[in-house]
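Take a look at the structure set out below.
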Amino acid sequence: MSITPELYLAASQLINHEANCLDRRQWNEWLGLYTEDCVYWVPSWKNEEETVSDPEVSLNLMYLKGRESLGDRVYRIESRDSFASVPLDRTSHVVGTLHVTSAEDNEIRATANFIVHSYGLYGPNTRGGLYDLVLTGPLDALKIAYKKITLLDDRLETPVDIYHI
């Protein structure tokens, strides 16, 4: 599969739609953007130069396997049973520098940069980082199968939940 303008547009729309769902607190719609067997990973920093490389054996900021695990996070947010989410911060995601790196057999690999500004109990906060994604399915129904979120910050001053990054 070649990287066509249609493929790039489909990937871009999915990634931007996800950001919009998070900012507008459309949790069920956000969950629907992920595959059943998805991986959502926020690695910790191993040292000043690199993050941990294996989420199964390393300490992570977040590591959620399967849409059911993402659904558990949404339940905690909605039930107000999440320390990071009481009160729920307002957020604005800006996603850019999207680069589709490969496209083979209904699998698109892409990278992007992000900035998320939030405001809540701890006042204003801005975080930035990198997304590494694997998107699967037909172009008119792409879903996120894998999302690695590398935060540039190696020290977090405030709680972090799924909508902060």
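The values are calculated or read from the model by the stated rules, or taken from the named source; none is laboratory data. This structure is a prediction, so every number in the text was calculated from the model and none was measured. Here Cβ is always computed from backbone atoms with ideal geometry, including for glycine, and neighbour counts include all displayed protein chains. Just so you know, the surface numbers come from the protein's heavy atoms only, side chains and all, with ligands and any DNA or RNA stripped out. Shrake-Rupley method; radii C 1.70, N 1.55, O 1.52, S 1.80 Å.
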I'm trying to understand the selection: among the residues of segment 55-76, which are open to solvent by 60 Å² or more (accessible area, probe 1.4 Å), without any contact (Cβ under 8 Å) to a residue 60 or more places away in the chain and assigned to a strand (DSSP E or B)? Tyr63, Lys65
Can you find even one residue in segment 153-160 that is touching a Ser or Thr at 6+ places or on another chain (Cβ under 7 Å) and either more than 26 Å from Lys46 (Cβ to Cβ) or open to solvent by less than 40 Å² (accessible area, probe 1.4 Å) (or both)? no
Residue pairs within 8 Å by beta carbon, gap of at least six or interchain, first lying in segment 140-165 and among the small types (Gly, Ala, Ser), second open to solvent by less than 50 Å² (accessible area, probe 1.4 Å), listed first then second, are Ala145/Tyr34; Ala145/Thr35; Ala145/Cys38; Ala145/Val39; Ala145/Val134; Ala145/Leu135; Ala145/Thr136
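Look at segment 94-141 and say how many of its residues are assigned to a strand (DSSP E or B), of a type in the set (Gly, Ala, Ser) and in contact with a Ser or Thr (Cβ under 9 Å, 6 or more places away or on another chain). Spell out the reasoning first.
If we filter segment 94-141 for residues that are assigned to a strand (DSSP E or B), which is where we start, we get 94-104, 107-120, 123-136.
Filter again for of a type in the set (Gly, Ala, Ser), leaving 96, 102-103, 110, 112, 118, 120, 123, 128-129.
Checking the rest, the ones that are also in contact with a Ser or Thr (Cβ under 9 Å, 6 or more places away or on another chain) come to 103, 110, 112, 118, 120, 123, 129.
Count: 7.
Determine, yes or no, whether Asp37 is free of Cβ contacts under 8 Å to residues at least 24 places away in the same chain and surrounded by fewer than 16 Cβ atoms within 10 Å (Cβ to Cβ). Reasoning before the result, please.
Working: free of Cβ contacts under 8 Å to residues at least 24 places away in the same chain: no; surrounded by fewer than 16 Cβ atoms within 10 Å (Cβ to Cβ): yes.
Considered against the rule, which asks whether it is free of Cβ contacts under 8 Å to residues at least 24 places away in the same chain and surrounded by fewer than 16 Cβ atoms within 10 Å (Cβ to Cβ), Asp37 comes out as no.
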Among the residues that make up segment 142-153, is at least one of them assigned to a loop (DSSP other than H, G, I, E, B) and of a type outside the set (A, V, I, L, M, F, W, C)? yes
If Thr101 satisfies every condition in (1) more than 22 Å from Cys38 (Cα to Cα); (2) exposed (fewer than 13 other Cβ atoms within 10 Å of the Cβ); (3) of a type in the set (Val, Ile, Thr) but one, which is the exception? (1)
Give the residues of segment 104-119 that are open to solvent by less than 20 Å² (accessible area, probe 1.4 Å) and either more than 16 Å from Ile162 (Cα to Cα) or without any contact (Cβ under 8 Å) to a residue 40 or more places away in the chain (or both), sorted by residue number. Ile108, Ala110, Ala112
Note on Ser85: of the conditions (1) within 16 Å of Ile149 (Cα to Cα); (2) in contact with a Lys or Arg (Cβ under 8 Å, 6 or more places away or on another chain), unmet is (1)
Please go through segment 27-50 and give me each residue that is assigned to a strand (DSSP E or B), at pLDDT 95 or above and in contact with a strand residue (DSSP E or B) (Cβ under 8 Å, 6 or more places away or on another chain), ordered by number. Tyr34, Thr35, Asp37, Cys38, Val39, Tyr40, Trp41, Val42, Pro43
Scanning segment 107-165 for residues that are among the aromatic types (Phe, Trp, Tyr) and under 21 Å from Asp23 (Cβ atoms), the one modelled with the lowest pLDDT turns out to be Tyr122
